[in-house]
Amino acid sequence: MNLSPLQKARYEYQPKLPGMLRGGIADICVKQGAPTESVADQDKIRELFPNTYGKNEITFERGTNTSAPKKHVVGVILSGGQAPGGHNVICGLYDAIKATDKDNVLLGFKGGPSGLIDDSYIEFDDEYINAFRNTGGFDIIGSGRTKLETEEQFKIVTEVAKKHGLTAIVIIGGDDSNTNAAVLAEYMAAHDTGVQVIGCPKTIDGDLKNEDIEASFGFDTATKTYSELIGNIERDANSAKKYWHFIKVMGRSASHVALECALETQPNICLIGEEVAAKKMSLADIANYIADAVEKRANNGENFGVAIIPEGIVEFVPEFSALIAEINELLAGKKTDEFNALPDWAAKYDFIKKGLSDKAFAVFDILPQFVQQQLFLERDPHGNVQVSLIESEKLFSEMVKNELAKRKAAGTFKGKFGTQHHFFGYEGRCAFPSNFDADYCYSLGYNAFMLIQYGCTGYLSKVSNISRPADEWVAGGMPITKMMNIERRNGEDKPVIRKALVELDGAPFKYFEAHREEWAVKTSFVYPGAIQYFGPAEVCDLTTRTLALEKGQA
């Protein structure tokens, strides 16, 4: 295998563990905390999870290990989109398993949840594991988006677990994946299978967080990667002085990535979807807001700038969200086939005009044609518009261009407006994990086995106090049901983990809000540079600005 010098060096990096997990497995005891309740809909969640609801939060401490000795065969899967650090979760899990008993076994099921159903797996050993330490990606066993949610699937997983003698399954994933982990844990407990289920919090979008889970893994590395690229673009913009760069970043359901990148780089514009929704901003409102900044900068002789756009911004615009809802109804059932069979865009346009309400069509008709067409691309598995396919960075630059043309005709805008477009998504999902994510993920994996050893099921591996140095981190676990509420999904009430949105009264947004007017007009760019892996801790182990602000440390 050909290795880069950095890859060789990362293999040798020794991830840091929380203080209470250091020293030896035999010297880790468990402290029981208070019983828990779900974040909402307590009666319904309790009814759906009678065997796993209301469990205590737990914390690990230094002390005599009182867990019952037994051989463990643990299965692990990676679920959903990639996030930097996933390999280290598995490495930490493996090291804890083997440190407890060298005869313990870790099986990696390939391709995500479907690997459990298809019984496609690999048994990990030192040689295989060592090739993935501190590296990015999910290629150690691959990932997938199959949902474990039906009785038939659970029966198959139970048989696979019985075949291999599994004592536990660890699911590494985001909010949907850990919702599935909670449901699987309940099934296993209800059927007295003896199989424990533990989750680990993953998503670069940053929306799997709460008072217990301070950050999902991968967010740190991904936002640092995007911020480096945005900083590079800002430097280029300030050098060439002739383009406005519209940059879309990941984050369909929440704007955490956009906000963190703005805090790191201080662009001229950053849209926050949650604010757009709260203020009920229209597409025209947003276009005018950006155009105002363009005009003010042009008046200062600066015909360039940078705007950050969250991937899911259009779903936060009330009029656009209503339009999407009508389109989903318009193409329900076999009407999608009817629409796709039409000969050309003119015929499809007429079909759309007849099918939408006057209010929805008025919104549709102001959109550039390429966006209109993107709204009718391939549907998602539920038959809905795939918002991620909409080039919102181009949508807003086009709308700003049209608004500035009106202002130029009126004599109020005398500058120039050239544009460049970018979308940063895949670039950050499999980056070499930062030291923070390497440490955090290894700790989550190591901690997951401690939960297994102490008989927990339906728990999320939890490492907190993570804005502090690693030796001050606190390891433990929380019942997944604590994060759940009932939401309407595809016409049915479903128990799901509540997504964490950007809090408009939170310290990160308030800092951004207090500075953005200055950033909009002045060239206040910050150039973060590449992730640093070697050097002083204040550079290499730096947390996100979001976390630092939330903890009052910035």
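The values are calculated or read from the model by the stated rules, or taken from the named source; none is laboratory data. It should be emphasised that the depicted structure is a prediction, and the values quoted were computed from it without experimental measurement. So basically every Cβ, Gly included, is an ideal-geometry build from the backbone, and we count neighbours across all protein chains shown.
Restricted to region 536-554, and to residues there that are assigned to a loop (DSSP other than H, G, I, E, B) and of a type in the set (Val, Ile, Thr), the residue that is surrounded by the fewest Cβ atoms within 10 Å (Cβ to Cβ) is 543. Only one entry of 462, 482 meets the criterion of being touching a helix residue (DSSP H, G or I) at 6+ places or on another chain (Cβ under 8 Å), in the same structural domain as residue 35 (by TED's automatic domain parsing), among the charged types (D, E, K, R) and touching a residue at least 60 places away in the same chain (Cβ under 8 Å), and that entry is 462.
Looking across 284, 277, 262, 258, one residue alone is farther than 30 Å from residue 467 by Cβ, part of a helix (DSSP H, G or I) and modelled with pLDDT of 95 or more. It is 284. Just one of the numbered conditions (1) part of a helix (DSSP H, G or I); (2) of a type in the set (A, V, I, L, M); (3) more than 19 Å from residue 510 (Cα to Cα); (4) within 14 Å of the chain's Cα centre (by Cα) is not true of residue 233: (4). Looking across 533, 527, one residue alone is more than 30 Å from residue 298 (Cα to Cα) and part of a loop (DSSP other than H, G, I, E, B). It is 533.
Kindly indicate the residue of region 57-66 that is crowded, with 16+ Cβ neighbours inside 10 Å and either of a type in the set (S, T, N, Q) or in a loop (DSSP other than H, G, I, E, B) (or both) and also nearest to the chain's Cα centre (by Cα) among those meeting that condition. Among them, the one singled out is 59. Working only within region 422-451, note down all residues that are surrounded by fewer than 21 Cβ atoms within 10 Å (Cβ to Cβ) and outside any loop (DSSP other than H, G, I, E, B). Scanning region 422-451 gives 422, 423, 426, 427, 429.
Cβ-Cβ distances below 7 Å connect the following pairs, each with a first residue in region 29-47 that is within 9 Å of residue 484 (Cα to Cα), a second residue that is hydrophobic (A, V, I, L, M, F, W, C), and a separation of six or more residues or different chains: 38/45; 38/484; 39/483; 39/484; 41/486; 45/484. Residues in region 377-421 that are aliphatic (A, V, I, L, M) and outside any loop (DSSP other than H, G, I, E, B) were compared, and the one that is surrounded by the fewest Cβ atoms within 10 Å (Cβ to Cβ) is 409. Starting from residues that are assigned to a loop (DSSP other than H, G, I, E, B) and touching a strand residue (DSSP E or B) at 6+ places or on another chain (Cβ under 9 Å), keep the ones in region 289-317 and report whichever is modelled with the lowest pLDDT. Step by step, filter region 289-317, then rank; the result is 311.
Of the residues making up region 142-174, not one is of a type outside the set (A, V, I, L, M, F, W, C), buried (at least 23 other Cβ atoms within 10 Å of the Cβ) and in a helix (DSSP H, G or I).
Evaluate the following for residue 513: is it in the same structural domain as residue 290 (by TED's automatic domain parsing), closer than 23 Å to residue 254 by Cβ and among the charged types (D, E, K, R)? Judged against the criteria, residue 513 is a match.
Residues are listed down the side, and each one gets a yes or a no for (1) of a type in the set (Gly, Ala, Ser); (2) surrounded by 16 or more Cβ atoms within 10 Å (Cβ to Cβ):
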residue	(1), (2)
3	no, no
8	no, no
19	yes, yes
49	no, yes
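Does residue 155 satisfy the criteria of being over 18 Å from residue 480 (Cβ atoms) and without any contact (Cβ under 8 Å) to a residue 12 or more places away in the chain? In short, yes. For region 242-250, the condition of being more than 25 Å from residue 505 (Cα to Cα), assigned to a loop (DSSP other than H, G, I, E, B) and touching a helix residue (DSSP H, G or I) at 6+ places or on another chain (Cβ under 7 Å) holds for at least one residue. Has region 458-477 got any residue that is closer than 22 Å to residue 107 by Cβ, of a type in the set (Ser, Thr, Tyr) and assigned to a helix (DSSP H, G or I)? Checking region 458-477: not a single residue is closer than 22 Å to residue 107 by Cβ, of a type in the set (Ser, Thr, Tyr) and assigned to a helix (DSSP H, G or I).
Listed conditions (1) buried (at least 21 other Cβ atoms within 10 Å of the Cβ); (2) aromatic (Phe, Trp, Tyr); (3) within 30 Å of residue 272 (Cβ to Cβ); (4) out of contact with any Pro (no Cβ under 8 Å at 6 or more places or on another chain) are all met by residue 511, apart from (1).
Sub-7 Å Cβ pairs linking a first residue in region 100-126 that is in the same structural domain as residue 65 (by TED's automatic domain parsing) to a second residue that is acidic (Asp, Glu) and modelled with pLDDT of 95 or more, at least 6 apart or interchain, are 105/123; 107/123, ordered by first then second residue. Just one residue in the set 239, 253 is farther than 20 Å from residue 305 by Cβ and among the polar types (S, T, N, Q); that residue is 253.
I'd like the full set of residues that are over 13 Å from residue 475 (Cα atoms), in contact with a helix residue (DSSP H, G or I) (Cβ under 6 Å, 6 or more places away or on another chain) and not aliphatic (A, V, I, L, M), limited to region 1-31. Across region 1-31, the qualifying residue is only 15. The residues of region 194-231 that are over 20 Å from residue 169 (Cα atoms), crowded, with 24+ Cβ neighbours inside 10 Å and among the β-branched types (Val, Ile, Thr), listed by number, are 204, 221, 223, 225, 230.
Evaluate region 107-128: report whether one residue or more is assigned to a helix (DSSP H, G or I), at pLDDT 95 or above, among the acidic types (Asp, Glu) and buried (at least 16 other Cβ atoms within 10 Å of the Cβ). Among the residues of region 107-128, not one is assigned to a helix (DSSP H, G or I), at pLDDT 95 or above, among the acidic types (Asp, Glu) and buried (at least 16 other Cβ atoms within 10 Å of the Cβ), which makes the answer no. So, residue 501, is that one within 22 Å of the chain's Cα centre (by Cα) and surrounded by fewer than 24 Cβ atoms within 10 Å (Cβ to Cβ) or not? When the stated conditions are applied, residue 501 passes them.
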